[in-house]
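> Please see the structure below; I have some questions.
The values are calculated or read from the model by the stated rules, or taken from the named source; none is laboratory data. Here the structure is a predicted model, which is why all the values come from computation and not from measurement. No Cβ is skipped: glycine too gets one built from the backbone with ideal geometry, and neighbour counts run over all protein chains shown.
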Amino acid sequence: MSTRAAADATPARRMKDPAQFVVCGVLVAVGVFLIVDALTLTAGFVKIDPVGPRLFPMVVGTGLVVCAVALAAAILWGSTGEEDGGEDVDLSSPGDWRTVGLLVALFVATIALVGPLGWAITGTLLFAGAATVLGNRHYVRSLVIGAVLGFGSFYAFYVGLGIPLPAGILDGIL
């Protein structure tokens, strides 16, 4: 690298983007929340579990805090991410807010309908709706795949993990 190129790269490398520190703050906040919340957990319905319910959230929370500290140190030492080259994205076009809005509406509908309709039906509609919003035009195939995922995950949780998901209108049938 020439002297001129090194001189040009140095100021850009030293610039610190405050948004990167916001990411560090969010990581710390979520990590601390997980750790504090894990400390309040009790054994619950699983009496024979030698590890208990606290281990996993404690490990994840600690990992998030460690990652936040490492990221903050890297940012302070001048490490920055590469700009998006936009190899398959047109950076001059605006975001597709219609799609984002439809997906948010779909998630809100899922939250509202999971109680009355149950997870199996709501999961089916969630997958088929998301696939359609994202551009899939094979409606029947989306519904079939959604049904396999919705009912499969219902039984995977209920039979495999012993965690009952809401059955909704199919209570007594599933």
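Every residue, every condition in (1) at pLDDT below 95; (2) more than 27 Å from ALA156 (Cβ to Cβ), yes or no:
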position	(1), (2)
VAL65	no, yes
VAL69	no, yes
SER79	yes, yes
GLU82	yes, yes
LEU103	no, no
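> Going through the stretch 49-58 one residue at a time, which ones are surrounded by 14 or more Cβ atoms within 10 Å (Cβ to Cβ) and not in a helix (DSSP H, G or I)?
GLY52, PRO53, ARG54
> Go through the stretch 130-146 residue by residue and tally those that are assigned to a helix (DSSP H, G or I) and in contact (Cβ under 8 Å) with a residue 24 or more places away in the chain.
Going through the stretch 130-146, the residues assigned to a helix (DSSP H, G or I) turn out to be 130-133, 139-146.
Subsequent filtering for residues that are in contact (Cβ under 8 Å) with a residue 24 or more places away in the chain retains 130, 133.
Count: 2.
> Output the residue which, of all residues in the stretch 100-148 that are small (Gly, Ala, Ser) and over 18 Å from GLY168 (Cα atoms), is surrounded by the fewest Cβ atoms within 10 Å (Cβ to Cβ).
GLY135
> Any idea which of GLY61, GLY95, GLY162, GLY168 is modelled with pLDDT under 95 and surrounded by 12 or more Cβ atoms within 10 Å (Cβ to Cβ)?
None of the others qualify; the one that does is GLY168.
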